[in-house]
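Worksheet: one structure, shown below.
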Amino acid sequence: MSRYWSAVVHGLTPYVPGEQPKLADLVKLNTNENPYGPSPRVLEAIRGGTSDALRLYPDPLATELREAIAGFHGLDAAQVFVGNGSDEVLAHAFLALLKHETPILFPDIGYSFYPVYARLYGIAYREVPLTDAFEIRVEDYFRANGGIVFPNPNAPTGRLLALGEIERLLQANRDSAVVIDEAYIDFGGASAVPLIERHPQLLVVHTLSKSRALAGLRVGYALGHPDLIAGLVRVKDSFNSYPLDRLALAGGIAAMQDTAWFDATRKQIMASRENLATGLKALGFEVLPSAANFVFARHPGARGETLAARLREKRIIVRHFRTPERIADFLRITVGTEAQCATLLAAFEEILAACRALG
Ligand SMILES: *Cc1c(COP(=O)(O)O)cnc(C)c1O
């Protein structure tokens, strides 16, 4: 606290990111990073970018990267906005598209950055409860709103909302923006991107952090009608004209072009996810169906907090959320390599045996 702080700063409740511990020999399954690393072509492109040209500002329009993204999705560059991670893209979307008189809507269990942005920008919001099966029911969003935002697949549940349901939502909600955060869509879900052509209120947000293994580079993007994109650009150019540096642009372009690496690694992660879910169920866990690179699971015989603490003693870290109450016994576990998943399952087996011995 400082008397020099503004009233706004006094009122903030910042997002708390997952831990990035210094210890090297941890099995780190807490922040949904990709265990396989970026394409070698990305590293080569970044190395190629380390030259005297760094004295020059990067392209403020990120034209080449936007063209590469547009090419990948079969869209026009005018339908693409890029930012410093999808977190920044989302933040700009809150200010550009979601700040109106009427409260916005998002699920009560979802990405916990949404209420943080809403409070930062003074946007009223209503949290819409997921069903008992932790699903989004689109009818719950058929009411007056200043905008709608949700992750699909949802985080931290991993559950996917089917494209037909999204279409029903878009048909019922034409007067405000619908922002779909598809951070995990490349792990098996059907993307809403094809709906952009018919729905000018739809903004789809993607990141290179998960399926393209570039969390450290900070590249995210949004796809939508050129008028939505122009609104985001107005916010960007009122904040930071150069959110992506030359190295991020070079690496991002190469990442969008290397589809072979992208497909091979995401398929491996999807296969490992199914093995991990099967292994967890064999140990007695309830595992929600996941279309992401993590699973959300709880065990009837042990508290979530206890399991997370015991895993940590074995140098394995996963994500545990104390609130809301109904997910307090779940753990969100990133799908690692096959070896990491095996280490995790072996650790759970020992921990659960010890729990049973204690009664
Ligand atoms: C990881 C994640 C993001 C943020 O990704 P960055 O591009 O790294 O900022 C956004 N939304 C959800 C739901 C995420 O899990």
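If you scan the range 7-41, which residues turn out to be part of a loop (DSSP other than H, G, I, E, B), open to solvent by 60 Å² or more (accessible area, probe 1.4 Å), away from the ligand (no atom under 16 Å from the Cβ) and more than 18 Å from Ala118 (Cβ to Cβ)?
Of everything in the range 7-41, those that are part of a loop (DSSP other than H, G, I, E, B), open to solvent by 60 Å² or more (accessible area, probe 1.4 Å), away from the ligand (no atom under 16 Å from the Cβ) and more than 18 Å from Ala118 (Cβ to Cβ) turn out to be Lys22, Leu23, Ala24, Asp25, Tyr36.
Which numbered condition trips up Ser86, out of (1) assigned to a loop (DSSP other than H, G, I, E, B); (2) within 15 Å of the ligand (Cβ to nearest atom); (3) small (Gly, Ala, Ser)?
(1)
For the range 307-359, give me each residue that is within 26 Å of the chain's Cα centre (by Cα), more than 19 Å from Lys28 (Cβ to Cβ) and open to solvent by 30 Å² or more (accessible area, probe 1.4 Å).
Answer for the range 307-359, where residues must be within 26 Å of the chain's Cα centre (by Cα), more than 19 Å from Lys28 (Cβ to Cβ) and open to solvent by 30 Å² or more (accessible area, probe 1.4 Å): Arg322, Thr323, Pro324, Glu325, Arg326, Asp329.
For the range 261-309, what are the residues that are in contact with a Gly (Cβ under 8 Å, 6 or more places away or on another chain) and either of a type in the set (Gly, Ala, Ser) or touching a residue at least 60 places away in the same chain (Cβ under 8 Å) (or both)?
If the condition is that a residue be in contact with a Gly (Cβ under 8 Å, 6 or more places away or on another chain) and either of a type in the set (Gly, Ala, Ser) or touching a residue at least 60 places away in the same chain (Cβ under 8 Å) (or both), then Met270, Ser272, Gly284, Leu288, Pro289, Ser290, Ala291, Ala292, Phe294, Val295, Phe296, Gly301 are the ones that fit.
Counting only residues that are of a type in the set (D, E, K, R) and open to solvent by less than 20 Å² (accessible area, probe 1.4 Å), how many does the range 235-267 have?
Number of matching residues: 2.
Could you tell me how many of the residues in the range 289-306 are farther than 18 Å from Ile351 by Cβ and surrounded by fewer than 20 Cβ atoms within 10 Å (Cβ to Cβ)?
1
I'm told Gly284 meets every condition in (1) open to solvent by 50 Å² or more (accessible area, probe 1.4 Å); (2) in a loop (DSSP other than H, G, I, E, B); (3) farther than 17 Å from Leu54 by Cβ; (4) not acidic (Asp, Glu) except one. Can you identify the failing condition by its number?
Checking Gly284 against (1) open to solvent by 50 Å² or more (accessible area, probe 1.4 Å); (2) in a loop (DSSP other than H, G, I, E, B); (3) farther than 17 Å from Leu54 by Cβ; (4) not acidic (Asp, Glu), the one that fails is (1).
Every residue in the range 214-228 that is of a type in the set (A, V, I, L, M, F, W, C), more than 12 Å from the ligand (Cβ to nearest atom) and open to solvent by 10 Å² or more (accessible area, probe 1.4 Å), please.
Leu228
Please determine whether any residue of the range 250-265 is among the charged types (D, E, K, R) and out of contact with any helix residue (DSSP H, G or I) (no Cβ under 6 Å at 6 or more places or on another chain).
Checked the range 250-265: at least one residue is among the charged types (D, E, K, R) and out of contact with any helix residue (DSSP H, G or I) (no Cβ under 6 Å at 6 or more places or on another chain).
The values are calculated or read from the model by the stated rules, or taken from the named source; none is laboratory data. Bear in mind that the values here come from a model prediction, so they are computed numbers and not experimental data. Neighbour counts are summed over all protein chains in view; Cβ atoms, including those assigned to glycine, are modelled from backbone coordinates with ideal geometry. Ligands, DNA and RNA are excluded from the accessible area calculation, which covers all protein heavy atoms including side chains. Shrake-Rupley method; radii C 1.70, N 1.55, O 1.52, S 1.80 Å.
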